[in-house]
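Please read through the structure below; I'll follow up with questions.
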Amino acid sequence: MIRLIRPAALLALALCGDALADSRPNILVFIADDAGWDDFGTYGHPSIQTPTLDALAQSGWTADNAFLTTPQCSPSRISILSGLYAHQTGAEDLHVPLPAGHRLLPDYLSESGYFTGLMQKSHLGPEGDRQFDWRHDGTHFRADFSTFLDAAGDRPFFLWVGFRDPHRSYGDAPERHSAEDVRLPPTVVDTPETRADYVDYYDEIARMDGSIASFLKELDERGQRDDTIVLFLSDNGSPMPRAKGTLYDAGIKTPLIVAGHGVTTGTRYQPLVSVIDLAPTLLDWAGVDVPENMPGRSIAGSVADGVPPGRDFVFSERNWHNADEHMRSIRGPRYKLIWNNYVHLPHGTAADITSSPTWQALRQARDRGELTKAQALLFMAPRPRIEFYDVINDPHELDNLAADPAHRERIQQMMARLEQWMAETGDAPPEHRRRDDNIDRLTGVKFTRRNPPFIEEN
């Protein structure tokens, strides 16, 4: 479906004038669907074929410690585009559309004279979709992009490309990897079925990389590459156990690459970055005032010159995603604290993961009593209220240090800072909001396709 053109966009163009429109950069955002942060060559993966993104990183600015506000598809995308934490949007649960009255980034940009577009996956709901001037669901990327650019004309553009790769289900991507290419984390069981599952995942990442190349080629041939800021990130971690849907780094850490107009070449940025800062940054680049209700801040200066400071802490949350959770996390450069509230239940894993060969291999090994300590963590019940990890020395977050007296003062300080963030952002306590599960947490069986009703306590 294509929709052209909102009346507000025409009015904004008339008000802005050609001079302002011509002086501002185009903005092209690529967002992967369920791609792990380190499943790219530029982030150290030895075998996944991502030459386009690797070259983009070399030509621009790459954040090595960028984090999402939530590890779930629709809440993550709405959070990024709104500049708000998931619980501030009213759409913190999976498949909950953006409520009426909430503005997204394209609405601000369109009002200021940008031509805005949304390609392929939305996951925003009708209220979010309507805030774009142009919308297309097709998969003929270069042809569709050319159509969008023609419609934009001389106006600066903002295009949000929501890939469906590498989201499950798998099997239709060209075969580019083999079982020998697979690098498994210690939290899954090494079986032929698991390796085949990862091969399919790798192939979809490679296909997405090729799709991105087609966009960049179109920009090059039109002579618009130097006038465009290009961003790449993911909405959450890989669709594998103890990744997507969790507050471990495998779930909330994201690749973040920025290249193009005004961006320093070949910069690796080490300080902490939160995607809560992306909306203010994009508005900054577009010359639009940042709304007061956005808790983030522009990092345009850091992207331009690669100079710190970053954030002292980043904050993330996990809410309903087939199974209900109320989890919050605070992560610094070295330590992370996760606060669990449904401690009597094992972790609620997304339905697309529990139907996967990787999950089934884990479940079968559990039934045989063959799980390692790392593999068994996902099935733990009861769970600890507090998880505390040294993410430098324990990157897979396997050794919970919450009971270590050496960290007691640090845990108390980080918990106080987490509670301060919750108060500042209007986060509700866990007893305030609940949804029933629509999946069995141990077998992975999904017993209904609908979102259970929201139960709010007074």
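Kindly indicate whether any position in the stretch 326-342 is farther than 24 Å from GLU409 by Cβ, more than 18 Å from the chain's Cα centre (by Cα) and at pLDDT 95 or above. Break it down into steps so the answer makes sense when it comes.
Taking the stretch 326-342 and keeping what is farther than 24 Å from GLU409 by Cβ, we get 326, 342.
Adding the requirement that they be more than 18 Å from the chain's Cα centre (by Cα) leaves 326, 342.
Now narrow it down to the ones that are at pLDDT 95 or above: 326.
Yes.
Within the stretch 304-319, is even one residue part of a loop (DSSP other than H, G, I, E, B), hydrophobic (A, V, I, L, M, F, W, C) and without any contact (Cβ under 8 Å) to a residue 24 or more places away in the chain?
There is at least one residue in the stretch 304-319 that is part of a loop (DSSP other than H, G, I, E, B), hydrophobic (A, V, I, L, M, F, W, C) and without any contact (Cβ under 8 Å) to a residue 24 or more places away in the chain.
Is it the case that GLY245 is outside the structural domain of LEU378 (by TED's automatic domain parsing), assigned to a loop (DSSP other than H, G, I, E, B) and of a type outside the set (A, V, I, L, M, F, W, C)?
yes
Also, I was wondering about something else. Considering only the stretch 368-401, how many residues are free of Cβ contacts under 8 Å to residues at least 60 places away in the same chain, part of a loop (DSSP other than H, G, I, E, B) and surrounded by 15 or more Cβ atoms within 10 Å (Cβ to Cβ)?
Number of matching residues: 3.
Listed here are the residues, each with its yes/no results for (1) modelled with pLDDT under 95; (2) of a type in the set (D, E, K, R).
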site	(1), (2)
THR354	yes, no
THR372	no, no
LEU377	no, no
GLU387	no, yes
ASP399	no, yes
ALA416	no, no
ALA428	yes, no
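Here is a further query. Residue by residue through the stretch 183-222, note down the ones that are under 16 Å from GLY36 (Cα atoms), of a type outside the set (Phe, Trp, Tyr) and touching a residue at least 40 places away in the same chain (Cβ under 8 Å).
Once the filter is applied, which keeps residues that are under 16 Å from GLY36 (Cα atoms), of a type outside the set (Phe, Trp, Tyr) and touching a residue at least 40 places away in the same chain (Cβ under 8 Å), the stretch 183-222 yields ARG183, PRO185, PRO186, THR187, VAL188, ASP197, ILE205, ALA206, ARG207, MET208, ASP209.
I would also like to ask the following. Quick check on the stretch 320-342: of everything there that is part of a strand (DSSP E or B) and of a type in the set (D, E, K, R), which residue is nearest to PRO382 (Cα to Cα)?
Selected residue: ARG328.
Which one of HIS167, HIS136, HIS140 is of a type outside the set (A, V, I, L, M), in contact with a Cys (Cβ under 9 Å, 6 or more places away or on another chain) and under 30 Å from LEU104 (Cα atoms)?
Within the list HIS167, HIS136, HIS140, the selection yields HIS167.
Would you mind stating whether LEU124 is under 22 Å from PRO291 (Cα atoms), in contact with a Pro (Cβ under 9 Å, 6 or more places away or on another chain) and of a type in the set (A, V, I, L, M)?
Judged against the criteria, LEU124 is a match.
When the residues of the stretch 159-179 are filtered to those that are in contact (Cβ under 8 Å) with a residue 40 or more places away in the chain and outside any loop (DSSP other than H, G, I, E, B), which remaining residue is farthest from PRO75 (Cα to Cα)?
Residue satisfying both the conditions and the ranking: LEU159.
The values are calculated or read from the model by the stated rules, or taken from the named source; none is laboratory data. Predicted model, so just to flag it, every value in this text is computed and none were measured. Every residue, glycine among them, receives a Cβ derived from its backbone with ideal geometry; neighbour counts consider all protein chains shown.
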